[in-house]
1. Before we move on, is D52 acidic (D, E) and modelled with pLDDT of 90 or more?
2. Residues in the stretch 28-42 that are touching a residue at least 40 places away in the same chain (Cβ under 8 Å) and farther than 14 Å from H87 by Cβ: how many?
3. Could you count how many residues in the stretch 118-144 are within 22 Å of S98 (Cβ to Cβ) and exposed (fewer than 14 other Cβ atoms within 10 Å of the Cβ)?
4. Kindly establish whether A50 is under 11 Å from the mean Cα position of the chain (by Cα), closer than 19 Å to A32 by Cβ and outside the structural domain of L133 (by TED's automatic domain parsing).
5. Pick out the one residue from R74, R86 that is surrounded by fewer than 20 Cβ atoms within 10 Å (Cβ to Cβ) and either over 15 Å from R46 (Cβ atoms) or under 11 Å from the mean Cα position of the chain (by Cα) (or both).
6. How about the stretch 53-86: which of its residues are in a loop (DSSP other than H, G, I, E, B) and either touching a Phe, Trp or Tyr at 6+ places or on another chain (Cβ under 8 Å) or within 23 Å of P38 (Cβ to Cβ) (or both)?
7. Do we have any residue at all in the stretch 110-127 that's over 18 Å from L80 (Cα atoms) and either at pLDDT 95 or above or part of a helix (DSSP H, G or I) (or both)?
8. On the basis of being in a loop (DSSP other than H, G, I, E, B) and either at pLDDT 95 or above or of a type in the set (V, I, T) (or both), does G89 make the cut?
Amino acid sequence: MASRTTDLVHDADGPGDPARRRAALEAACDAAREAGEPRGQVAALRALAAHDAGLGDFDSATGLYREAVAACRRTPCGTLLPHTVRHLGDLLHRAGRSAEAEEAYLEALGLYRSDPATTKGDLANAIRAWAVLLESMTRPGEAVEAWGEARELYLEIGVQPGVEEADQALERLSAR
C-alpha cells in the first residue's frame, strides 16, 4: 500500500467522531482509486467496511467488502483475495446471512487450497470460520469434520488457543 493511502487510513484510526472517521476513510478510498493502488484501495475499503459494520450498517459494509473483492479480482493481489473473501464471509455471518456467508467461505477455502503460498495458519483460520458457520446452521456432521481439520492444522503450527477452541467445539458437538 502506498504511503499516502496508508497515511489517510491511519489518520482515520482511533476514537472520535464517526462521521469524521468515515469521511477520512472515504478520502483514503478515493485517493487509492485515483493513484491506481489496488492494494491501497482494498485496505481502505476494508477499513471503511469495518467502520460501518461497527456502527451496525451491515448493508453498507457488505457492499464495501464486495467492492474490495472486485478490486482484488481485477489486479492480482496474492493472498489478499482469499483474505478479503473470508472477511466478507465473516461479515455476512455476523449479519445473519448464512447462505451467502457459506458461499464466501467456500470460495475462500478453494482459493486458499489452490495456492501453494497459503500458510497453514490462513487455511486453519478459514476452516475455523466455516466450522463456526456450519455449527450455527445446525449441520453438526460437517462442523465436526471442519473443526477436526482446523484442529489438526492448528496443532501442526503450534497455535494452542486454536487447538483448544477446536477441542471445545468437538466436545460440544459430540454431546448433541
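1. Yes, satisfied.
2. Step one: filter the stretch 28-42 for residues touching a residue at least 40 places away in the same chain (Cβ under 8 Å), giving 39, 42.
From the residues that got through so far, the ones that are farther than 14 Å from H87 by Cβ too are 39.
Residues in the stretch 28-42 being touching a residue at least 40 places away in the same chain (Cβ under 8 Å) and farther than 14 Å from H87 by Cβ: 1 in total.
3. Going through the stretch 118-144, the residues within 22 Å of S98 (Cβ to Cβ) turn out to be 123-144.
Now restrict to residues that are exposed (fewer than 14 other Cβ atoms within 10 Å of the Cβ): 136, 138, 141.
Residues meeting the conditions: 3.
4. On the way: under 11 Å from the mean Cα position of the chain (by Cα): yes; closer than 19 Å to A32 by Cβ: yes; outside the structural domain of L133 (by TED's automatic domain parsing): yes.
Taking the combined requirement at face value, the residue satisfies it.
5. On the way: R86 fails: surrounded by fewer than 20 Cβ atoms within 10 Å (Cβ to Cβ).
The match here is R74.
6. If we filter the stretch 53-86 for residues that are in a loop (DSSP other than H, G, I, E, B), which is where we start, we get 55-57, 75-79.
Scanning the stretch 53-86 gives T75, P76, C77, G78, T79.
7. Pass one, the stretch 110-127, residues over 18 Å from L80 (Cα atoms): none.
No: the stretch 110-127 contains no residue that is over 18 Å from L80 (Cα atoms) and either at pLDDT 95 or above or part of a helix (DSSP H, G or I) (or both).
8. Working: in a loop (DSSP other than H, G, I, E, B): no; either at pLDDT 95 or above or of a type in the set (V, I, T) (or both): yes.
The answer is no for G89.
The values are calculated or read from the model by the stated rules, or taken from the named source; none is laboratory data. None of these values were measured; they are calculated from a predicted model. As a convention, Cβ positions derive from the backbone with ideal geometry for all residues, glycine included, and neighbour counts pool all protein chains shown.
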